[in-house]
Structure formats: C-alpha cells, structure tokens
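Below is one structure; the comments refer to it alone.
The values are calculated or read from the model by the stated rules, or taken from the named source; none is laboratory data. All figures in this text were calculated on a predicted structure; none of them were measured in a lab. As a convention, Cβ positions derive from the backbone with ideal geometry for all residues, glycine included, and neighbour counts pool all protein chains shown. We work out accessible area using only protein heavy atoms, side chains counted, and drop any ligands, DNA or RNA first. Shrake-Rupley method; radii C 1.70, N 1.55, O 1.52, S 1.80 Å.
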Amino acid sequence: RDIPDPVAQLPARLERKRKARKPELAPPMERLDDTTAARLRAGIAEKFINQREAAQHFGCSQSALSRAANGINAPKPELAAKIQKFLDSLTE
C-alpha cells in the first residue's frame, strides 16, 4: 500500500508559509569564500575581544556577522565593503 507524502501535498498557501520560515542559503557566489571567511574570523579574533564587539565596529548584529563569516548568508553590500576595508587594513 502506497502512503502519500503529506508534505508533497501541501496547499499553496501552506507551502509559501513553510518556505518563508526556512532560511534560504545565499548563492555560493555571493557568500564569502572559505579563504576570506577564515581571514575575517582570524582578524576578528586578533583585533576584538569578542564577536559582539566586532559586530558593533562593523555596524551590524552579531548574528549577521557570524552568518557572513561562516558562509551561511551573503553579507549586505554595506557590510561587505566594511569587511573588505577591515581585511585590507590587516595586510598593511
């Protein structure tokens, strides 16, 4: 006896609700690459007491900085520019 998959039969309105709750990953080209993310994490550890202080420096929430540094979400353009400037200052 075949048992239908109940998730496959969700009405459209419930499917939209389910998708709205589930955070989508940013496309790989928009996320920080592994090398840049590693440099960012190392720079934060070197220059700041904790990630919350680093987030205040970057003008974003701690979770936004964490998600960007771990490649979960792409940073917003303003945050990406600040990250690039920070990374550039580390190499000088």
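Kindly list, by first and then second residue, each pair from a residue in region 69-92 that is surrounded by 12 or more Cβ atoms within 10 Å (Cβ to Cβ) to a residue that is of a type in the set (G, A, S) and not in a helix (DSSP H, G or I), limited to pairs with Cβ atoms under 6 Å and residues at least 6 apart or on different chains. Matching pairs, first to second residue: N73/A26; A74/A26.
Take the conditions open to solvent by 40 Å² or more (accessible area, probe 1.4 Å) and modelled with pLDDT under 70 and apply them to R21. Does it pass? It is true that R21 is open to solvent by 40 Å² or more (accessible area, probe 1.4 Å) and modelled with pLDDT under 70. Kindly check whether there is at least one residue in region 25-36 that is part of a helix (DSSP H, G or I), open to solvent by less than 40 Å² (accessible area, probe 1.4 Å), modelled with pLDDT of 90 or more and in contact with a Phe, Trp or Tyr (Cβ under 6 Å, 6 or more places away or on another chain). No; the residues of region 25-36 include none that is part of a helix (DSSP H, G or I), open to solvent by less than 40 Å² (accessible area, probe 1.4 Å), modelled with pLDDT of 90 or more and in contact with a Phe, Trp or Tyr (Cβ under 6 Å, 6 or more places away or on another chain). Each residue in region 41-56 was checked for being open to solvent by 30 Å² or more (accessible area, probe 1.4 Å), part of a helix (DSSP H, G or I) and among the hydrophobic types (A, V, I, L, M, F, W, C), and 2 pass.
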